[in-house]
Amino acid sequence: MTNTIAREDAVLHAPVPRHMETRVLYAPTAFVPLHRHTLEQFGWTVTVQGGRLGTTSLLLQRLRTRPDAARPLLERRAERALARIAALEQQPARLAGVVAIAGSAVAVLAVALGGLLALGGDPTLVPVLVGASVWIAAVAAAPGIRSWRTERNQAALSREYAAIDACTHPPTGR
């Protein structure tokens, strides 16, 4: 496995020492500090690299140590919890956006229906008014839906943060 090192417009391929573990992980940009802190608890050196479309690439490196049967399991649990936290934190905004877009789509269809009725010789404003009222209701409801969903996700978020804490600070059993 090679590592790419950029130096003055030249790319050098340096071999990775066999005593080093290297991984690349993708995290939502807003959650990079949480990922970094959690992964550093497992002994990884985290290097933040570029990303696109709201994700950031994290280069993870650490020295190989003697095998610990619990470490990979705890790391996978922590990574699953990190993924669930990101999904739960982003869900309210996505749901509110879907409601607002659906209301806008209904409004556009209602205006189009009103236009087709007007072309057909029946000029009525009922579809346009219905579409406008649906759009206003959807846009007005979006912040409420967002806060409702945020409150509803708090218990699940607390469980996921507790899972990360349990993985990064396991009981010693002494």
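Observations on the structure shown:
- For the stretch 51-98, filtered to residues that are more than 30 Å from Ile145 (Cβ to Cβ), basic (Lys, Arg) and in contact (Cβ under 8 Å) with a residue 40 or more places away in the chain, the residue that is most open to solvent (accessible area, probe 1.4 Å) is Arg64.
- Test: residue in the stretch 154-167 that is at pLDDT 85 or above, basic (Lys, Arg), assigned to a helix (DSSP H, G or I) and loosely packed, with under 15 Cβ neighbours inside 10 Å: yes
- When each of Leu39, Leu88, Leu74, Leu34 is tested for being within 21 Å of Asp165 (Cβ to Cβ), hydrophobic (A, V, I, L, M, F, W, C) and touching a Cys at 6+ places or on another chain (Cβ under 6 Å), the lone residue that passes is Leu74.
- Residue selected from the stretch 30-47 under the condition open to solvent by less than 70 Å² (accessible area, probe 1.4 Å), over 7 Å from Leu60 (Cβ atoms) and free of Cβ contacts under 8 Å to residues at least 40 places away in the same chain, by the criterion nearest to the chain's Cα centre (by Cα): Val32
- Qualifying residue in the stretch 100-112 (condition: aliphatic (A, V, I, L, M), surrounded by 13 or more Cβ atoms within 10 Å (Cβ to Cβ) and within 29 Å of Glu40 (Cβ to Cβ)): no
- Number of the condition not met by Leu117 [criteria: (1) of a type in the set (A, V, I, L, M, F, W, C); (2) open to solvent by 50 Å² or more (accessible area, probe 1.4 Å); (3) touching a Leu at 6+ places or on another chain (Cβ under 9 Å)]: (3)
- The one condition in (1) over 30 Å from Gln41 (Cα atoms); (2) within 20 Å of the chain's Cα centre (by Cα) that Ala156 fails to fulfil: (1)
The values are calculated or read from the model by the stated rules, or taken from the named source; none is laboratory data. Small disclaimer: the values here were computed from a predicted structure and weren't measured. Quick reminder, even Gly has a Cβ in these numbers, built from the backbone with ideal geometry, and neighbours come from all protein chains shown. All accessible areas refer to the heavy atoms of the entire protein, side chains included, with ligands and DNA or RNA removed. Shrake-Rupley method; radii C 1.70, N 1.55, O 1.52, S 1.80 Å.
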